[in-house]
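So the structure is just underneath, and the comments pick up after that.
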Amino acid sequence: MREVLPGTIAAHGMALGRARLVQPSRYVVDTRPLAEDEIDSALHHLHHALDTARLELRELRGKLHGALAREVNEFIDAHSLLLDDPELLRGLDDLVRIGHYRPGAALKKQRDRLSAVFEAMDDPYLRSRKEDLEQVINRVISVLQRQTSPEERKLAARVGEILIADSIAPAEMAQLAGNGLLGVVGSSGSVYSHSAILARSLGLPMLVGTRDALSNIHDDDLILLDAERGEAVVHPTAQDLSHYRAWQREAAIEGRRLAKLANAPTRTRDGIEIGLLANAETGADVAMARARGADGVGLYRTEFLFLRKKVLPSEEEQFIAYRDLVMGMGGLPVTIRTMDLGADKADAAGLATRGEENPALGVRGVRLSLRHPSVFTTQIRAILRAACYGPVRVLVPMVTQPDELIAVRTLFKLARQELKHEGIDLPEKLPLGAMIEVPAAAINVRALLEHSDFLAIGTNDLAQYVLAADRGNDALENIYHPLQPALLRLLSHVISAGRRARKPVSLCGEIAGDANFTALLLMLGLNEFSMHPTQILQVRDRIATLNHAHLRRQATKLLRAYTHEQAEALLNELSEPA
Ligand code: PEP
Ligand code: MG
């Protein structure tokens, strides 16, 4: 009975729960034809499931903030539109009314029929819409199935669920995490996918690449997800359970030990102080950042204010959000990033440059802000006003060349004069920094340093642009790798240039919060890390075990690596004190 399925660890931890398979193509639906007198209630069921699916999408949209919202809202909007598509709905009604299909069977029929139509299209974009269509219909089918088996739901809710899926969309994970999801086993997927990043920040254990998961696990099987060893144990034995209890005890002790680090300074073994800042967007993030002893906020992504609604946020609304953040940090410095809207993500606010073929290489970040000076000035005024309540630094995203920083400074100067005329007494100077996430900015960083008071390296985007590999594309995990030598050399170049110019350099991409890369970043000379507050204690703990002087001496050796595999081997060898 017991079976062990190996997988790759995408987020550490362990969980015991019942399997919930998301295997939409294999949903079993009742194919018996409806009797005449069942048609009305079947239609009622169908529409109730459609309404529930719509409502869930709306609720999900309302719950997401920050970077997560940015990633996920696009999918949610596409799916909501499909759910209201008159042709789709008419087809479903006809299948039930005229064809006597039951709701599940009608949805399945419609899904397969329309998928075939999309599949046959020449246009690759339209062909790719097939996936959206399938996901949205599967969502409705799963709502229907939920409605038909309340007993099962009760059972699963009591024990908690471990999701077994081919791959899981970030939207789905965000929603399930709020409903008692304990962990995820993916039969495919990558450790760099957004879902994996999300699982780590939600503290959900996750395996990817567990090849046989969908064929060897069944709904309601008891699963021990061991994302410490990298395996999913189906029907665990008493011995497995005792191993799990031991892990739980150790995790609790470790949790208490780490909690004690909340008020400890962040120092390497040889006494070098390192700054730990938080990437924070919500009130909860700010509270956690303070509770864990962050030295400030290193990245506050303002996009969520712009993506939440269809209208642009007013100066007052922005001011309140920024002021609350500044006050929440109680005098510690707060880095507010000006809006990083991409052309494809700005539709809600009506700022998009339409029809861009490559939005990631298009009018996004500061490029977009500078094309909308009045919208940008509203944000700048709100930031300046919030700066009356505590120390604020301003961070500019997607900078490529100095003239962009010069233009931003000018707008700040003008807004400051305006506010002064209005009788608002502002602090003298706000430090202005550039995000380093475009390769040109990294290579030519000295030019940007002339116009910046500090730098923040955004490795999430820098890696994707250096490697020409979409950060969200799971198929490129062997290329989109944090230890790619080209990326390491650029990081080293930027950090050294900052040090020579005596300007602070922080790093706020995902790797800053991953304790596996702490030694690497210290080796490259980084002394300010910004991460999601959940990661602060682990990184502080790791730093305390490392010898800074030793690591710094190893940097040149590491930078000789030709491949990311070599860099990884070298890192393991060099991060141990001699
Ligand atoms: C980055 O690109 O590394 C970054 C921190 O910004 P974002 O993830 O918001 O693009
Ligand atoms: Mg970025």
Take the Cα radius of gyration of the chain and divide it by 2.2 N^0.38 Å, with N its residue count; two decimals is plenty. 1.04
Peptides 569-575, 238-244, 459-465: what's the order by average Cβ count within 10 Å, highest mean first? 459-465, 569-575, 238-244
What is the projected area of the convex hull of the Cα atoms of segment 276-397, averaged over all directions, in nm²? 7.1
So for each of 203-211, 476-484 I average, over its residues, the number of other beta carbons within 10 Å; can you give me the resulting order with the highest mean first? 203-211, 476-484
Note down the accessible area of F118, probe 1.4 Å, to the nearest 10 Å². 40
Shape verdict for segment 242-299, please, from the Cα gyration tensor: rounded (a/c under 1.5), prolate (a/b greater than b/c) or oblate. oblate
Where in segment 386-440 are there trypsin sites (Lys or Arg not before Pro) that are in a DSSP coil and have at most 13 other Cβ atoms within 10 angstrom of their Cβ? K429
Might you report the magnitude of the Cβ-based charge dipole of the chain about its Cα centre, with Lys and Arg at +1 and Asp and Glu at -1, to the nearest 20 debye? 2080
What FRET efficiency do you get for A360 and A259 if R0 is 45 Å and r is their Cβ-Cβ distance, rounded to the nearest 0.05? 0.70
Applying 1/(1 + (r/R0)^6) with R0 = 30 Å to the Cβ-Cβ distance of T52 and A486, what FRET efficiency is obtained, to the nearest 0.05? 0.05
Other-chain or far-sequence residues with amide H under 5 Å of E437's (modelled H): M398, V399, G458
FRET efficiency, 1/(1 + (r/R0)^6) with R0 41 Å, evaluated for R2 and V29 via beta carbons: 0.80
How far apart, in nanometres, would the label points at R211 and D403 be if each is projected 7 angstrom from Cα along the Cα-to-Cβ direction? 5.4
Using mean Cβ contacts within 10 Å as the protection proxy, how do 553-563, 282-292 order, highest first? 282-292, 553-563
Taking Rh as the Kirkwood radius computed over C-alpha pairs, what is the Stokes-Einstein D of segment 264-574 at 37 °C in a medium of viscosity 0.692 mPa s, expressed in µm² per second? 165
With E477 itself left out, Lys, Arg at +1 and Asp, Glu at -1 over residues whose Cβ is under 12 Å from its Cβ give -1
Express in nm, to one decimal, how much length is gained between S188 and S41 on full extension, taking 0.36 nm for each residue of separation and deducting their alpha carbon distance. 49.0 nm
Those residues of segment 364-402 whose amide nitrogen sits under 13 Å from the label point placed on L414, 7 Å along Cα→Cβ: 370-381
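The values are calculated or read from the model by the stated rules, or taken from the named source; none is laboratory data. All values reported here derive from a predicted model rather than from experimental measurement. Reconstructed Cβ throughout: ideal geometry from the backbone, glycine too, with neighbour counts over all protein chains shown. Accessible surface is based on the protein model in full, side chains and every heavy atom, while ligands, DNA and RNA are left aside. Shrake-Rupley method; radii C 1.70, N 1.55, O 1.52, S 1.80 Å.
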